[in-house]
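Colleague: My questions all concern the structure below.
The values are calculated or read from the model by the stated rules, or taken from the named source; none is laboratory data. Computed from a prediction, not measured in an experiment: that's the story for all the values here. Backbone-built Cβ (ideal geometry, glycine too); neighbour counts: all protein chains shown.
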Ligand SMILES: Nc1ncnc2c1ncn2[C@@H]1O[C@H](COP(=O)(O)OP(=O)(O)OP(=O)(O)O)[C@@H](O)[C@H]1O
Ligand SMILES: [Mg+2]
């Protein structure tokens, strides 16, 4: 599993020379992993940076492109160093693929040298790596589950997958049930309490991993739940900012965070989807699901251009006498493959519900369990596209042949 590298709240100024590079930089700046950073781009490469910083202070990070030869690059960087504040990091995008140059640049104080053409995700990863402390705990992965319409089985699938990730993949997993009024996570696991998420939502400024730890309810050896009390006796509003704080704090200590989203549309739901590392979208094989799934997938493709589309699950397939839309038609209409098809199986799902256990636990040999297990295994493994570095590489790593970059 590739941990997601998030870029902190830093100022970045980029000085480009080629149209390909500025395009990659702008796409990188719009990436969800850079949402907290502030980036600007200017034409003119290193000479433009030198001119500007004679009168202005330098940002946290300077990203400069040089299309020129080695000598010009070294001379320009020497002049840049004279106007650069000592705590500003400099990343160079160059067009010369030479390990000696790389070493010279690092000796001159350059933080990283990458050879054009650069990919947006490579820029994100390079910047994130500069700010990732060696001692920092691995950053958790957020998997958001949402139904294309109410009642299609998204929560049940979410809980079964979380259970499998904790139990069989052995990954420390926390379920966040964000269906505060009607959430079923506690019910599904046969619990009275479902955790104190209201406390975190009401006072996001107090949230840290210690507080969250206290609010969790234990569901099993490696499985925890953060949910609400359920019920409609209290009104509440959820701010995107509160969700962000909770997820950020949780990422510090929990490797897999599984978010159970209700079927509604609000800024905080949109925020959660846009910032999740993976999205599982569950639909039933009928028209309303198809329309809503298409709308969500289309929106996500535009808003998350550097991420794979959601994992599409078709659930409750084969309800007797119901005319259904085939998986192939879903794929055609939405432009995304149906990853998993789960049959309608009221006996298994009903029995699991009545016993407060998972379908995967009670009827592990059923076709539905098999399908959900496949989904959980897919989520546990590396998926194409989740790797933060795509292609193009740091020259040193390339020459030394290290990593699979
Ligand atoms: N494949 C299936 N076969 C039979 N019943 C199913 C199947 N999948 C889910 N169910 C049942 O459908 C009901 C609704 O499931 P669930 O609460 O998970 O849906 P949801 O999409 O989360 O709904 P909501 O919109 O309320 O959040 C539950 O009783 C569940 O046990
Ligand atoms: Mg639900």
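Colleague: Starting from residues that are more than 17 Å from residue 196 (Cβ to Cβ) and under 15 Å from the mean Cα position of the chain (by Cα), keep the ones in the stretch 218-260 and report whichever is surrounded by the most Cβ atoms within 10 Å (Cβ to Cβ).
Modeller: Checking each candidate, the answer is 258.
Colleague: Related question: Conditions: (1) away from ligand 1 (no atom under 15 Å from the Cβ); (2) surrounded by fewer than 21 Cβ atoms within 10 Å (Cβ to Cβ); (3) modelled with pLDDT of 95 or more; (4) closer than 30 Å to residue 213 by Cβ. Residue 264 meets all but one. Number of the miss?
Modeller: Looking at each condition in turn, residue 264 falls short on (1).
Colleague: Going by the conditions given, is residue 368 in the same structural domain as residue 163 (by TED's automatic domain parsing) and more than 27 Å from residue 278 (Cα to Cα)?
Modeller: Taking the combined requirement at face value, the residue does not satisfy it.
Colleague: Considering each residue of the stretch 137-166, count those that are out of contact with any helix residue (DSSP H, G or I) (no Cβ under 8 Å at 6 or more places or on another chain), in a helix (DSSP H, G or I) and more than 16 Å from ligand 1 (Cβ to nearest atom), and give that number.
Modeller: Residues in the stretch 137-166 being out of contact with any helix residue (DSSP H, G or I) (no Cβ under 8 Å at 6 or more places or on another chain), in a helix (DSSP H, G or I) and more than 16 Å from ligand 1 (Cβ to nearest atom): 1 in total.
Colleague: Within the stretch 225-235, how many residues turn out to be part of a loop (DSSP other than H, G, I, E, B) and either touching a residue at least 60 places away in the same chain (Cβ under 8 Å) or under 12 Å from residue 200 (Cα atoms) (or both)?
Modeller: Adding up the residues that qualify gives 2.
Colleague: Now a separate question. Residues 296, 273: which one is under 17 Å from residue 176 (Cβ atoms), within 16 Å of ligand 2 (Cβ to nearest atom) and touching a strand residue (DSSP E or B) at 6+ places or on another chain (Cβ under 9 Å)?
Modeller: 273
Colleague: When you look at residue 116, is it in contact with a strand residue (DSSP E or B) (Cβ under 8 Å, 6 or more places away or on another chain) and within 13 Å of ligand 1 (Cβ to nearest atom), yes or no?
Modeller: No: the conditions fail for residue 116.
Colleague: Within the stretch 167-199, can you find the residues that are within 13 Å of ligand 1 (Cβ to nearest atom) and in a helix (DSSP H, G or I)?
Modeller: Hits for the stretch 167-199 are 185, 186, 187, 188.
Colleague: Return only the number of the condition from (1) more than 16 Å from ligand 2 (Cβ to nearest atom); (2) more than 20 Å from residue 144 (Cβ to Cβ); (3) at pLDDT 95 or above that residue 349 does not satisfy.
Modeller: Exception for residue 349: condition (1).
Colleague: Considering 128, 166, 162, which residue is more than 12 Å from ligand 2 (Cβ to nearest atom) and either free of Cβ contacts under 8 Å to residues at least 40 places away in the same chain or under 30 Å from residue 92 (Cα atoms) (or both)?
Modeller: Of 128, 166, 162, the one residue that is more than 12 Å from ligand 2 (Cβ to nearest atom) and either free of Cβ contacts under 8 Å to residues at least 40 places away in the same chain or under 30 Å from residue 92 (Cα atoms) (or both) is 128.
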